[in-house]
Amino acid sequence: MTQTVHFQQAPQQRLPMPEFITMLAFLFATIAFSIDAMLPALPEIAAQLTPENVNRAQLILTAFVAGMGLGTLFAGPISDAIGRKRAITIGFAIYAAAAVVAIFANSIEVLLAARFVQGLGAAGPRIVGLALVRDLYEGREMARITSIVMMVFIIIPALAPSIGQGMIWLAGWHGVFIGFLIFAVIGSTWLNLRQAETLPPERRRPLRAGPLKEAAREVLTDRHVVLCTLILTLGFGQMFGLLSSAQQLFGEAYGKGDAFPSWFAAMALLSGAGTVLNAAFVTRFGMRRIAKWAYIMQTCVSAVMLVLVGGGLLPEALQFPAFFIWCVSVFFMAGVTFGNLNALALQRMGHIAGMAASIVSATSTLLATLIAAPVGLLYDGTALPVIIATLICSALAWYLMGMLRD
C-alpha cells in the first residue's frame, strides 16, 4: 500500500494569509470571468458569425470548457515536474495568446478554435492552483480554505456579465477578450512577484513515462477518487448546462435580456452564501455530509420546479421569480459541494497532488461538457431542458454520495 505523505504549511510560503487567499481567488476568478463575461456577448456573436443557427454561439462556452478539460490532463503533471509557479505562468501565456487570436477572429470556426486553446491555457491556473493549496494544506482545512477562496472571488464572476457588457459597449464583443488579457497579466505578475514556490526541487517528479503511468494508475484505481470525480462531473454538468442557456432563458423566455447582467450578479452574490456556510461549518460537520445534503436539496428543489413549470402551474407573475430562485439554488449547490469534493478527492493524494488534480479535473470537466453541450443545444424557449438535466444529475450525485466515505 502506498503511504500517504501529508504536508502542512510550508516555510517557503512568505505571503500573509489574507493575500495568499486573495491571490488564489484571483487566479480561480480568471476562469469564471472567462466564462461569465462571454454571456452578454453571445447575441452579438451569433448575429455576426452564425446568424443561420444562433444556438451555435453557445459552443463558445463549451469549447472553452472542453479545452480546459483537456489541458488539465497535462497541467498537473507538468507542475509536478517544473514547479507550480512556472506551470501557472506558462498557462497564462497560452491563455493570453489565444485571446489575441480571438480578438481578430472573423468566423465562428476561428473563434471556437481560439476559445479551445484559451481553455487549454486556463487549465494552468485552475489545476495548479489546487495543487498549490494541497502542497500547504489537507483535508477539512483545505476544504475550508477553498471555500474562503470561492467566497472572495465570487464578486468577480458576479460582476463579469456587467464588465463584459461594458467592454462590448466600448469595443464590441472583441473587447471582452481585451479584458481576458488584462486578467492574465495581473494574475501572472502577482503570482511571480509575491508567491514563493511551494514545490521544492527535491519533491518534484520527472516527466517520464514510468513515474507518470504509476501515478496515474494510483489515482485511477482509487475508488474514493473515482467516486468524487463522477460526482464532480454531475455537478459541473448541470451548472455548465445552465450557464450555456442562461442568456437565452433570461432574455427570450423571461424578457429580462437588457437587465441580464444585473440579475446574474444578484444570482451569483446570493448563491455565494453557500461558500460562506461551507467555510463556517465544514470542520464541524465534514465534507461528505455537507455535500450530500446539498445534492438532496437540489434534487428536491428541481423536482418541485419541474412539476411547476412542466405542468404550467405557476401564474405569470411568479414564473420568473421561481426560475430565479431555482437558478440561485443551482449555484448555491456548486458553492457548497465543489470545494469539498476536490478536497475529498485529493485527501490521500498529497504526494502526487498535481497528477491527481489533473485527472480529477480533466475527467470531470470533459465529461461535464458531454452533459452541458446537448442541454444547451436542446434549448426550446423554456427552462424545461435544463431543469430536467439538473434533476437527473443531482439525483445521481445524491446516490453516489451515499457510497462515499470521508
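Computed quantities for the displayed model
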{"item": "Longest DSSP-loop-exposure-free segment, trypsin sites (Lys or Arg not before Pro), the chain, at most 12 other Cβ within 10 Å", "result": "209-404"}
{"item": "Mean Cβ neighbour count within 10 Å, used as a protection proxy, ranking 315-322, 165-172 highest first", "result": "165-172, 315-322"}
{"item": "Among Leu24, Leu59, Leu313, residue whose mean-square fluctuation peaks in a GNM of the chain (springs only between Cα atoms under 10 Å)", "result": "Leu313"}
{"item": "For the chain, built as a Gaussian network whose Cα springs stay under 10 Å, the top-fluctuating residue of Gln195, Gln118, Gln247", "result": "Gln195"}
{"item": "The chain, relative contact order in percent, only Cα pairs under 8 angstrom and at least six apart counted", "result": "28 percent"}
{"item": "Expected 222 nm ellipticity per residue - DSSP helices of 4 or more, -39500 (n - 2.57), all of the chain, to 500", "result": "-26000 deg cm²/dmol"}
{"item": "In nm, spacing of pseudo-spin labels at Arg217 and Val100 (7 Å Cα→C-beta vector)", "result": "4.3 nm"}
{"item": "Proportion of all alpha-carbon pairs of the range 166-206 beyond 15 Å (%)", "result": "61 percent"}
{"item": "Residues Met297 and Trp169, FRET efficiency given R0 of 41 Å [Cβ-Cβ distance, rounded to 0.05]", "result": "0.60"}
{"item": "For the chain, built as a Gaussian network whose Cα springs stay under 10 Å, the top-fluctuating residue of Gly69, Gly255, Gly335", "result": "Gly255"}
{"item": "Protein accessible area in the range 59-173, 1.4 Å probe - carbon and sulfur %", "result": "76 percent"}
{"item": "Rg followed by Dmax, in Å, when the range 222-270 is reduced to its Cα trace", "result": "15.2, 48"}
{"item": "Diffusion constant of the chain at 25 °C, which comes from Stokes-Einstein with the Kirkwood Cα-pair radius and 0.890 mPa s, µm²/s", "result": "116 µm²/s"}
{"item": "Spin-label pair Val110/Leu314, simplified geometry with 7 Å Cα→Cβ offset, distance in nm", "result": "4.1 nm"}
{"item": "Net dipole in debye of the chain [+1 Lys, Arg Cβ; -1 Asp, Glu Cβ; about Cα centre; nearest 20]", "result": "1280 debye"}
{"item": "Carbon/sulfur fraction of accessible area - the range 309-406, other protein chains in place, 1.4 Å, %", "result": "72 percent"}
{"item": "Inter-label distance, nm, simple model (7 Å from Cα along the C-beta direction), Ile178/Thr283", "result": "4.5 nm"}
{"item": "Calculated over the range 7-154: convex hull of Cα atoms, volume per residue (Å³)", "result": "111 Å³"}
{"item": "Residues of the chain: accessible area per residue with a 1.4 Å probe, Å²", "result": "38 Å²"}
{"item": "Surrounding net charge for Tyr295, when Lys and Arg each add one and Asp and Glu each subtract one, Cβ distance under 12 Å", "result": "+3"}
{"item": "Three-way shape label, the range 253-310, alpha-carbon gyration tensor, a/c 1.5", "result": "oblate"}
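The values are calculated or read from the model by the stated rules, or taken from the named source; none is laboratory data. Please read these numbers as outputs of a predicted model, since none were measured by experiment. FYI the Cβ positions are ideal-geometry reconstructions off the backbone, even for glycines, and counts take in every protein chain you see. The accessibility values were calculated without ligands, DNA or RNA, using every heavy atom of the protein model including side chains. Shrake-Rupley method; radii C 1.70, N 1.55, O 1.52, S 1.80 Å.
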